[in-house]
Amino acid sequence: MTLGQKANPIGPGSDSGQFGAAIRVLEEAIAARAFPGCAFGVLAGGGVALKGALGRFTYEAGSQEVMPETRFDIASLTKVVGTTAAAMLLVARGQMDLETRVGEIVPEFLVGRGAEDPARKVTLRHLLAHNSGLPGYVELFRVADTPEGLIRACLALPLEAEPGTRAEYSDPGFMVLGWALEVLMGDRLDMWLGREVFEPLGLAATGFCPAPAERGSIPPTEQDTWFRRRLIQGEVQDESAWVLRGVAGHAGLFSTVGDLLRFCGAILSTAAEPRTSATLFDREVLNRFTKRQEPAGNERALGWDTPSAESSSAGKYFSARSVGHLAFSGCSLWIDLDAAVTVVLLTNRTWPDRKNQMIRQVRPAFHDAVREALQK
C-alpha cells in the first residue's frame, strides 16, 4: 500500500468533487454543532483518495481552523494504534503468548485474591478480547491521585463475570494489558511504541504527552468544570490516563489523519501480502487478531472492533472482514480488509462538554457516503 498518490485537500470553499455528499455530511454536522471541526481521510485504490479538514477548534468565529495536519486527542484509538499494535508485534516475535495468565506477568494482579478467585484465570487473550470479566469503566481517578495509587486500585478490581463468558468493553482491562506489555517489552509503553511502531511507519506526529509549546495547535476536548476545572487542550482528556501522567494502554495518544492513514495502510499491506522487509506486521498474526472472540455474539476481535450486525458506526457497506475502533473524543477509523478501503475521521465532539451524542448519527452517514462515492 503506497500513500504517495496525491489527494486534493478539502477545506472551506473547496471543490469536494467525487466525495461531495460525504463532505456535506460533515458540513451539516458542524452546522448542527455535532462538533466544531474535523479532519478526515480515505485510502482506496492503493493510495490516498481523500484528505481534508473542515471547521474550527471551537465554535467561536475567530477560533483556529482545523487543517488536514491538525493533531487530535485520539483517545481509545490508542487501544489499536498503540496497545494492540504492540501486542501483534510481540506475538509475531515470539515474545508474547496470548494464553499466558496475567498473574504470571503482573503478580500484583493476584494480591489479596483467594485461591478460587476467577482473576487467576485471566489471560492476555481475555484482556485483548474484552471478555476478561473486568468492569467496563470505573472512575479510578476519584480514588487515586497518583500513578502508583491508580495502578493499585485498577489491579485490585474484582471481576464481574467468569473470564471468557461475557463481552464487556473494558478500559481497566486495557490498562492492565498495557502494564503487562511493559513487563514483556522491558520498557515503557510510550518509549517502546515510538521506537518499534511509530518510527518505522513514519508516524512522526503520533505520540503521548505533547510538549506544552505544542498544545495550542491541538483542538481542545473539553472545558472541564468538575475535575481539573480548566480548559483541556493538548493533554489527554481521559481522567485516569491523566493521573497516569498521560501514558496508558487504553488512552493517551495524539495523532493526525495522515499518520493514521499510514498506520491503516500498513495493516492493509499486511493483509494483502506475505511479510517482507517492507511490512511491519505479520499476516498470520493479523488474521488471528482480526477474528471475533468468545462468547458467541461478541463483536470484538483481539483489540479490534468489528462492524455490528445492525446500526454499525461503520455504516452498511463495510464487509464482515473489517476492523476498526471508536474513540470517546469523536475519532474513529475503519479498515475494510476485503475492499482495501480505510476511512479515518478525527473530531473533538466533546467540546465544550461531553453531553453531545450526534456523532452516533454522523459516523455511519459519513462512512456510507464515502463508500457510495467510491462505488461510483
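The values are calculated or read from the model by the stated rules, or taken from the named source; none is laboratory data. Remember, it's a predicted structure, so these values are computed and weren't measured experimentally. Don't worry about glycine lacking a Cβ; one is built from the backbone with ideal geometry, like all the others, and counts go over all protein chains shown.
Here is how the numbers come out for the structure above:
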quantity	calculated
Pair list, Cβ under 8 Å, 6 or more apart: the stretch 222-234 residue closer than 15 Å to residue 245 by Cα, other residue part of a loop (DSSP other than H, G, I, E, B) and charged (D, E, K, R)	232/224
Search result, residues across the stretch 96-120 that are small (Gly, Ala, Ser) and part of a helix (DSSP H, G or I)	103, 119
Residue within the stretch 337-347 that is over 20 Å from residue 18 (Cα atoms), touching a strand residue (DSSP E or B) at 6+ places or on another chain (Cβ under 6 Å) and part of a loop (DSSP other than H, G, I, E, B) present	no
For residue 320: the one exception among (1) closer than 19 Å to residue 71 by Cβ; (2) surrounded by fewer than 18 Cβ atoms within 10 Å (Cβ to Cβ)	(1)
Selection within the stretch 295-317 - more than 16 Å from residue 80 (Cβ to Cβ) and either out of contact with any helix residue (DSSP H, G or I) (no Cβ under 9 Å at 6 or more places or on another chain) or modelled with pLDDT of 95 or more (or both)	295, 296, 297, 308, 309, 310, 312, 315, 316, 317
Criterion (among the basic types (Lys, Arg), buried (at least 16 other Cβ atoms within 10 Å of the Cβ), over 19 Å from the mean Cα position of the chain (by Cα) and more than 19 Å from residue 80 (Cα to Cα)) met by exactly one of 142, 166	166
Qualifying residue in the stretch 306-317 (condition: among the hydrophobic types (A, V, I, L, M, F, W, C), in a strand (DSSP E or B), touching a His at 6+ places or on another chain (Cβ under 9 Å) and closer than 23 Å to residue 136 by Cα)	no
Yes/no for residue 98 being among the aliphatic types (A, V, I, L, M), touching a residue at least 24 places away in the same chain (Cβ under 8 Å) and either in contact with a helix residue (DSSP H, G or I) (Cβ under 6 Å, 6 or more places away or on another chain) or closer than 28 Å to residue 162 by Cα (or both)	yes
Test result for residue 204, within 26 Å of residue 352 (Cβ to Cβ) and surrounded by fewer than 17 Cβ atoms within 10 Å (Cβ to Cβ)	no
Scan of the stretch 192-249 for residues that are over 18 Å from the mean Cα position of the chain (by Cα) and hydroxyl-bearing (Ser, Thr, Tyr), ordered by number	217, 225
Residue satisfying condition, being farther than 30 Å from residue 294 by Cα, in contact (Cβ under 8 Å) with a residue 40 or more places away in the chain and surrounded by fewer than 21 Cβ atoms within 10 Å (Cβ to Cβ), within set 72, 57, 40	57
Residues of the stretch 48-101 classified as of a type outside the set (Asp, Glu) and farther than 26 Å from residue 280 by Cα, total	15
Any chance residue 172 is part of a loop (DSSP other than H, G, I, E, B), crowded, with 18+ Cβ neighbours inside 10 Å and not acidic (Asp, Glu)	no
In the stretch 58-95, residue nearest to residue 179 (Cα to Cα) [restricted to those that are touching a Leu at 6+ places or on another chain (Cβ under 7 Å) and outside any helix (DSSP H, G or I)]	95
Set 257, 285: member being under 30 Å from residue 34 (Cα atoms), modelled with pLDDT of 95 or more and among the β-branched types (Val, Ile, Thr)	257
